[in-house]
Structures are given as C-alpha cells and as structure tokens.
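Data first, discussion second: the structure below is written as structure tokens.
The values are calculated or read from the model by the stated rules, or taken from the named source; none is laboratory data. Quick caveat: nothing in here was measured; it's all calculated off a predicted structure. Cβ sites come from the backbone with ideal geometry, for glycine too, and all protein chains shown count toward neighbours. All accessible areas refer to the heavy atoms of the entire protein, side chains included, with ligands and DNA or RNA removed. Shrake-Rupley method; radii C 1.70, N 1.55, O 1.52, S 1.80 Å.
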Amino acid sequence: NSFGSSVNYMCWVYNSGTKSAGETGSHEVGHQLGLRHDGGGGDGEYYRGHTHVTGVSWGAIMGAAFSPVVVHWSKGSYTGANRQEDDLREIDDYLNYRADDYGSATATASNIPVDASQSFTRNGAITRNTDVDVFRITTNSSGTITAAASPTSRYPNLDISLEILNSSGSVIRSDDPQGPLNASVSATGLAPGTYYIRVDGVGLGATGFAEDGYDDYGSMGEYTLTGTYPFIPTPLPPVNLSASDGTSPDHIRVTWDPSANSDGYRVYRSTTPSVLG
C-alpha cells in the first residue's frame with residue numbers, strides 16, 4: 001500500500017536471475033498497489049502454479065510462480081484458490097490502462113501499406129483482456145499471406161491467437177498453439193483483394209486447476225507482428241528518355257535508362273510495335 005506515498009514509496013527486489021527478478025518485481029509492485037497473496041491449491045499462502053497436459057505451466061503473479069512459463073495477474077479462478085481478489089480492478093484504482101494502439105474491428109483496422117518489399121512489421125500491445133488488434137492488407141495479386149506474432153522476449157504475459165480474415169470478416173486461417181505463446185498463420189491461393197489480420201490474447205484449454213488450463217484474464221502485453229503478402233509493384237516509367245535522328249529519314253533513335261523495377265520495355269510507333277535494332 002505504499003504506491004504514491006511521499007515517505008515510504010520504494011520497494012527493493014533482489015534476485016539472482018532476470019526471470020525471477022521480473023516475477024518478484026511484479027509481485028512486490030502488486031503489494032505496493034494493495035494486492036495480497038494468491039494462495040491455495042495445496043500450496044498454502046503462495047500458489048506455485050500448475051501444468052497443462054501440453055506441458056505449458058501457469059502461475060499467478062501474486063503467488064510464487066518462479067517455475068511456470070506463463071505468469072498472469074489473477075482473480076482466483078483456478079481450483080482451490082483461497083482469494084478471489086480482482087487484481088486488474090485493484091490496480092486500476094491507482095493506474096490508468098495503457099492507451100489502445102490499434103483498432104479492434106475490421107471497420108477500424110490499421111492499414112498496412114503494400115509496397116515492393118512484400119513484407120511488414122508492426123509492434124503493438126494487447127492492453128486489456130478485452131482488447132483485439134486488427135490490421136488491413138489490400139493486395140493486387142493472387143498468392144499467399146503469412147503472419148507471425150510473438151510476445152516480448154522478457155517476462156512475457158501474452159498468449160497469442162492469430163487469425164487471417166477475408167474481406168467480409170470471416171476467419172479463413174487461425175492459430176492458437178497449445179503450447180508456445182507465439183502464433184503463426186499462412187493462407188495460400190488467395191485472390192487479389194482486402195484481408196485482415198487479427199491479434200488477440202487468449203487462455204489455454206478449460207480454466208481451473210483440475211483441467212490444468214488458464215483463462216485470458218491476465219493474457220496481455222507487448223508483441224511483434226511480421227508477415228508477407230503478394231504484391232505486384234506498378235512499373236515506373238523509364239528515366240532520361242530522349243529521341244534523336246536515326247540513320248535514315250524514316251528512323252528515330254530512342255534511348256532511356258530503365259527504372260529500378262523494370263522487367264523490360266516495348267517500343268511502339270503509334271500503335272504498331274517497333275522492331276528494335
């Protein structure tokens with residue numbers, strides 16, 4: 001309860017490793033904001049977590065989750081919890097949520113401009129457990145769209161679900177790995193048109209200790225989204241174009257320097273293709 005105090009506002013954390021320091025730092029800041037321990041499940045005062053059948057382990061920040069891969073703020077939804085404290089609501093009494101960075105629907109999707117690189121990178125954040133980030137791509141060529149998203153490499157809290165949607169907003173490809181926190185999708189044989197990529201924070205399996213899963217209550221955080229798309233760049237005109245007299249009265253000499261994305265040129269006299277010498 002020391003957050004905002006002008007007298008006793010510091011909280012010191014000492015750990016020998018970066019992961020344990022991150023877990024302990026989050027835990028102790030939780031205490032500064034008034035949170036108490038998440039216990040139960042046979043672990044007493046400090047809940048140490050559980051493991052899903054896929055091998056992914058989960059724990060609560062306000063417990064003692066030094067071993068689990070996924071560690072979240074909690075409201076005591078796991079079986080055997082001895083405190084149903086709504087961590088996020090308590091934190092919100094002191095701190096504002098981070099501003100949403102991208103639209104959450106196809107109508108408000110953030111546009112990804114297509115260019116000759118045929119690739120993109122976006123950094124974003126799922127700022128609430130109700131937040132969804134949507135991106136729009138409009139291609140001018142048939143082919144494949146790929147996308148991959150991964151959480152921040154240090155202290156990740158975000159378990160990612162990734163989807164590709166068609167122009168009407170229907171899901172055509174999705175990935176919610178039952179294991180790693182990152183996700184990747186690929187849709188092949190797509191016609192030219194508008195498509196959307198949707199990033200969401202999710203849980204794993206059914207919630208509760210008995211089912212060894214977790215919900216999406218605390219599945220939030222930063223991510224990096226990368227991808228590729230089919231695109232044919234508009235050819236640029238030639239540069240340094242010039243014309244001069246040819247070797248005879250019915251010949252013209254035309255010269256130019258090709259543009260960077262040129263695959264070649266055709267020369268016409270009126271509408272008739274000319275024979276290049």
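Quick grid of which residues meet (1) part of a strand (DSSP E or B); (2) open to solvent by less than 60 Å² (accessible area, probe 1.4 Å); (3) among the polar types (S, T, N, Q); (4) on the phi > 0 side of the Ramachandran plot:
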position: 144; (1), (2), (3), (4): yes, yes, yes, no
position: 148; (1), (2), (3), (4): yes, yes, no, no
position: 158; (1), (2), (3), (4): no, yes, no, no
position: 164; (1), (2), (3), (4): yes, yes, no, no
position: 169; (1), (2), (3), (4): no, yes, no, yes
position: 172; (1), (2), (3), (4): yes, yes, no, no
position: 185; (1), (2), (3), (4): yes, yes, no, no
position: 188; (1), (2), (3), (4): yes, no, yes, no
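Number of residues in the range 96-116 that are β-branched (Val, Ile, Thr) and exposed (fewer than 15 other Cβ atoms within 10 Å of the Cβ): the value is 1.
Under the condition of being within 29 Å of the chain's Cα centre (by Cα) and in contact (Cβ under 8 Å) with a residue 40 or more places away in the chain, which residue from the range 25-34 is farthest from residue 65 (Cα to Cα)? Ranking the candidates gives 33 first. Residues in the range 234-248: is at least one over 21 Å from the mean Cα position of the chain (by Cα), under 30 Å from residue 169 (Cα atoms) and either open to solvent by less than 80 Å² (accessible area, probe 1.4 Å) or basic (Lys, Arg) (or both)? No, there is no match, as no residue in the range 234-248 is over 21 Å from the mean Cα position of the chain (by Cα), under 30 Å from residue 169 (Cα atoms) and either open to solvent by less than 80 Å² (accessible area, probe 1.4 Å) or basic (Lys, Arg) (or both).
Annotation for the range 199-208: at least one member residue is of a type in the set (Ser, Thr, Tyr), assigned to a strand (DSSP E or B) and more than 28 Å from residue 116 (Cα to Cα). The set of residues in the range 136-159 that are modelled with pLDDT under 95 and among the aliphatic types (A, V, I, L, M) contains only 158.
Would you tally the residues in the range 71-95 being surrounded by fewer than 22 Cβ atoms within 10 Å (Cβ to Cβ) and under 30 Å from residue 165 (Cβ atoms)?
Total satisfying the criteria: 2.
Screening residue 34 against (1) open to solvent by 40 Å² or more (accessible area, probe 1.4 Å); (2) at positive phi leaves a single unmet condition, (1). Taken together, 247, 226 contain a single residue that is in a loop (DSSP other than H, G, I, E, B) and β-branched (Val, Ile, Thr), which is 247.
Being in contact with a Leu (Cβ under 8 Å, 6 or more places away or on another chain) and not in a loop (DSSP other than H, G, I, E, B) is the filter here; which residues of the range 16-59 pass it? Of everything in the range 16-59, just one residue is in contact with a Leu (Cβ under 8 Å, 6 or more places away or on another chain) and not in a loop (DSSP other than H, G, I, E, B), namely 58.
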